[in-house]
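Comments concern the structure below.
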Amino acid sequence: MIDVLKDARNAALSALLHYDLEWTNIRFIQSSDTITYKIETSSTGSYLLRIHREHLTKPEICSELVWLQALNQHDALKVTEGVLARNGESVVEIGDEQGLRKTRVTLMHWIDGELAEEPLSVDCVQQIGRLTARLHQAAAVFLPLAGFVRPTYDANHFRRQMVQLEQHYPCFLTEKAWTNYRNAAELVLQELGLMTPTPANFGMIHADLHLGNLVFDQDTPYAIDFARCGYGYFLYDMAAVLLGLSPAQRRMHLLGYSQISALDDDYVQRLECFFIMCMIENYAHHAADPRETADLIAEQPYAQAYLSCFLSHRSFLFEHIEPLQED
């Protein structure tokens, strides 16, 4: 990890030479889907510099930036946008010393704000719901041009996540618990097969809209970190937020959402399906990291309780669920 971060910092410093930017400080933020730095200047504010993982192609990264530009065309939305390099490119490619590998870097305008303070107020939760709805309204009218490439969060994506989880589940699950995950995954796939995507329910989504990717500035929420954005059901996007909320807060979030965009009368069952889907995908993402193992184990009594409700077709989204201890 130390060597990776050293290489990333070197790439960041090299990339900054490609921008007309008089920066004064570079500060490491985190290593996740991207490695990120805050770039501070004395005259033009702050910026976010991102080192992208090798699996992301240049067209995929450029497409994310196109999507962010499209969102900013809507008066009720404000998201970060990319900064063009001196050569007019939105993605800078830095070669290694051997010329065998290119590191892709983007520079973004910084969005001011702080993470929401716990406990979340009713107004805060409703505002997040309204923001989510506005993002989906923008998606419903978005018309991508040729060459726009982003992932799709569908049944095939979920199957790939299950394959990944199968490789790592023994670090935090018993065989009995893993059986519940497999059974729940089959039920998720069955329900996905019954859904039909339409412009009203499916389009470009944030795809990682948890509370850590929402910041507040003067009581107004802003979505950040669109690195996973792609095509999916809008309910999938909403489920990511609901995972971090209490049952009462979920009602408030959905009330805020419905003030901007109508929900179908029978949305709850499908939303619970996406809730389970998101929960499983989160564990698939984190299971490979030994630093996460203790937290994954601690969360399992609650995860198993949700899986039990889902498998027995008992609604759980607005109910207080008691943790389920394994026999």
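The values are calculated or read from the model by the stated rules, or taken from the named source; none is laboratory data. Remember, it's a predicted structure, so these values are computed and weren't measured experimentally. Positions of Cβ are generated from backbone atoms using ideal geometry, with glycine treated the same way; all protein chains shown enter the neighbour counts.
Here are some notes:
- Of the residues screened, Ala177 is one that is more than 21 Å from Leu235 (Cα to Cα) and either in a loop (DSSP other than H, G, I, E, B) or assigned by the TED database to the domain that holds Ala239 (or both).
- Only listed residue being in contact with a Gly (Cβ under 6 Å, 6 or more places away or on another chain) and either under 27 Å from Gln137 (Cβ atoms) or outside any strand (DSSP E or B) (or both), chosen from Leu84, Leu65, Leu56: Leu65
- So Leu16, is it closer than 11 Å to Val105 by Cβ and not basic (Lys, Arg): yes
- Residue in the range 212-226 that is surrounded by fewer than 17 Cβ atoms within 10 Å (Cβ to Cβ), among the β-branched types (Val, Ile, Thr) and under 12 Å from Leu131 (Cβ atoms) present: yes
- Of the helices (runs of 4 or more DSSP H) entirely within the range 231-308, those holding at least 1 residues that are more than 24 Å from Leu173 (Cα to Cα) and within 16 Å of the chain's Cα centre (by Cα) occupy 234-242.
- Against the list (1) assigned to a helix (DSSP H, G or I); (2) in contact with a Lys or Arg (Cβ under 8 Å, 6 or more places away or on another chain), the condition Leu131 fails is (2).
- Checklist (1) over 24 Å from the mean Cα position of the chain (by Cα); (2) modelled with pLDDT of 95 or more applied to Gly95, failing item: (2)
- Which numbered condition Val149 fails, given (1) touching a residue at least 60 places away in the same chain (Cβ under 8 Å); (2) crowded, with 19+ Cβ neighbours inside 10 Å; (3) under 29 Å from Lys78 (Cα atoms): (2)
- Boolean, Ile94 is in a strand (DSSP E or B), in contact with a helix residue (DSSP H, G or I) (Cβ under 6 Å, 6 or more places away or on another chain) and more than 18 Å from Arg228 (Cα to Cα): yes
- All of Ile26, Ile51, Ile39 fail the test of being in a strand (DSSP E or B), farther than 22 Å from Phe142 by Cα, in the same structural domain as Met108 (by the TED database) and free of Cβ contacts under 8 Å to residues at least 40 places away in the same chain, apart from Ile26.
- Residue match in the range 110-122 (condition: acidic (Asp, Glu) and either assigned to a helix (DSSP H, G or I) or surrounded by 15 or more Cβ atoms within 10 Å (Cβ to Cβ) (or both)): no
- Candidates Ala116, Ala140, Ala155: the one that is at pLDDT below 95 and in contact with a helix residue (DSSP H, G or I) (Cβ under 9 Å, 6 or more places away or on another chain) is Ala116.
- Cβ-Cβ under 6 Å pairs, at least 6 apart or on other chains, the range 114-139 side outside the structural domain of Ala207 (by the TED database) and charged (D, E, K, R), far side loosely packed, with under 14 Cβ neighbours inside 10 Å and at pLDDT below 95: none
- Lone unmet requirement of (1) within 23 Å of Asp154 (Cα to Cα); (2) assigned by the TED database to the domain that holds Asp154; (3) in contact (Cβ under 8 Å) with a residue 60 or more places away in the chain for Gly256: (1)
- Criterion: of a type in the set (A, V, I, L, M, F, W, C), under 22 Å from Trp67 (Cβ atoms) and at pLDDT 95 or above - qualifying residue of Phe234, Phe318: Phe234
- Of everything in the range 66-88 that is out of contact with any Phe, Trp or Tyr (no Cβ under 8 Å at 6 or more places or on another chain) and under 23 Å from Glu22 (Cα atoms), the residue that is surrounded by the most Cβ atoms within 10 Å (Cβ to Cβ) is Gly82.
- Any hit, the range 101-108, residues being part of a loop (DSSP other than H, G, I, E, B), surrounded by fewer than 19 Cβ atoms within 10 Å (Cβ to Cβ) and touching a residue at least 12 places away in the same chain (Cβ under 8 Å): yes
- Residues of the range 289-327 that are surrounded by fewer than 15 Cβ atoms within 10 Å (Cβ to Cβ), within 17 Å of Lys176 (Cβ to Cβ), touching a helix residue (DSSP H, G or I) at 6+ places or on another chain (Cβ under 7 Å) and not aliphatic (A, V, I, L, M): Pro323, Gln325, Glu326.
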